[in-house]
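*Asks:* Let me give you the structure first, and then I'll get to my questions.
The values are calculated or read from the model by the stated rules, or taken from the named source; none is laboratory data. What you see is a predicted model; the values in this text were computed from it and never measured. Every residue, glycine as well, gets a Cβ built from its backbone with ideal geometry; the counts of neighbours run over all protein chains shown. In case anyone asks, the SASA skips ligands and DNA or RNA and just uses the protein heavy atoms, side chains included. Shrake-Rupley method; radii C 1.70, N 1.55, O 1.52, S 1.80 Å.
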Amino acid sequence: AIFGVPFPGEEDAANAIHVANEMIRVLNILNEERAKSGQTEIRIGIGVNTGDLIAGNIGSPKRMDYTVIGDSVNLAARLESATKSYGAKILLSQSTLDALDGVPVKVRELDLIQVKGKTQPVPIYEALDHYDETSFPNMNNTLDAFAKGVASYRQRDWKGAMSAFVAALHEFEGDAPSRLYMDRCLRYMETPPPDDWDGVWVMTEK
């Protein structure tokens, strides 16, 4: 899905996030119906990024498509792929968050990552408006504990971070990002990162 092409608008980023959240809500309804008939659950991940790109008819005379290409498109694809690692449904880039221009959305900062093929790290966020109290109980308490854990993690305080992530999981045992960070902390407690470690997680897969 492409917003702002060929004519950009002030609400492109907000519309993209709204549609992503609505996609997950509708998918949940579909999966409830599938479960009743014994069908397997469908799972998707969504990556949202905002930036400059090339749009137009691209291809050959025999096969021509109106599409978009460029680094911004590639980052959105990387974020979509990263949803599997973080156990998140929707991942946003910093540039999309910056483009909201005050529009309220529920997000949490997940990580600072370096995607494959790039050297500049980017903050990434999880969109949360598709959750309700049933699918994400005690959300605010969980997010507070998670944020404390990430802050301790970036200060190399592995034990303090572990304690915070345990607290987050106590509020909501299904919080996949907290479990991911606990695994990282255990790994770094055994094999600490180099002295110049800056908290950036390097993605090795596309």
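*Asks:* Pairs please, first residue from the range 186-198 and within 19 Å of residue 114 (Cβ to Cβ), second anywhere and part of a helix (DSSP H, G or I), Cβ atoms under 7 Å, 6+ apart in sequence or on different chains.
*Replies:* Within 7 Å, the pairs are 188/158.
*Asks:* Hey, among the residues in the range 1-12 that are out of contact with any Asp or Glu (no Cβ under 8 Å at 6 or more places or on another chain) and surrounded by 13 or more Cβ atoms within 10 Å (Cβ to Cβ), which one's farthest from residue 76 (Cα to Cα)?
*Replies:* Per the criteria, the residue is 11.
*Asks:* Of the conditions (1) part of a helix (DSSP H, G or I); (2) among the β-branched types (Val, Ile, Thr); (3) more than 20 Å from the chain's Cα centre (by Cα), residue 134 clears all except one; give me its number.
*Replies:* Among (1) part of a helix (DSSP H, G or I); (2) among the β-branched types (Val, Ile, Thr); (3) more than 20 Å from the chain's Cα centre (by Cα), residue 134 violates only (1).
*Asks:* Out of 169, 112, 180, I need the residue that is assigned to a helix (DSSP H, G or I), open to solvent by less than 60 Å² (accessible area, probe 1.4 Å) and in contact (Cβ under 8 Å) with a residue 60 or more places away in the chain. Which one?
*Replies:* 180
*Asks:* Mind checking which residues of the range 34-60 are assigned to a helix (DSSP H, G or I) and open to solvent by less than 100 Å² (accessible area, probe 1.4 Å)?
*Replies:* Those that are assigned to a helix (DSSP H, G or I) and open to solvent by less than 100 Å² (accessible area, probe 1.4 Å): 34, 35.
*Asks:* Could you list, in sequence order, the residues of the range 51-72 that are among the acidic types (Asp, Glu) and over 16 Å from residue 3 (Cβ atoms)?
*Replies:* Selection gives 65, 71.
*Asks:* Follow-up. Filter the range 145-158 down to the residues that are touching a residue at least 24 places away in the same chain (Cβ under 8 Å) and either in contact with an Asp or Glu (Cβ under 6 Å, 6 or more places away or on another chain) or open to solvent by 50 Å² or more (accessible area, probe 1.4 Å) (or both) and list them by number.
*Replies:* Answer for the range 145-158, where residues must be touching a residue at least 24 places away in the same chain (Cβ under 8 Å) and either in contact with an Asp or Glu (Cβ under 6 Å, 6 or more places away or on another chain) or open to solvent by 50 Å² or more (accessible area, probe 1.4 Å) (or both): 147, 154, 156.
*Asks:* Okay, next question. Which of the following residues is more than 30 Å from residue 18 (Cβ to Cβ) and under 17 Å from the mean Cα position of the chain (by Cα): 191, 204, 119?
*Replies:* Answer to the check: 204.
*Asks:* What number of residues within the range 61-105 are buried (at least 17 other Cβ atoms within 10 Å of the Cβ), of a type in the set (D, E, K, R) and without any contact (Cβ under 8 Å) to a residue 60 or more places away in the chain?
*Replies:* The qualifying residues number 1.
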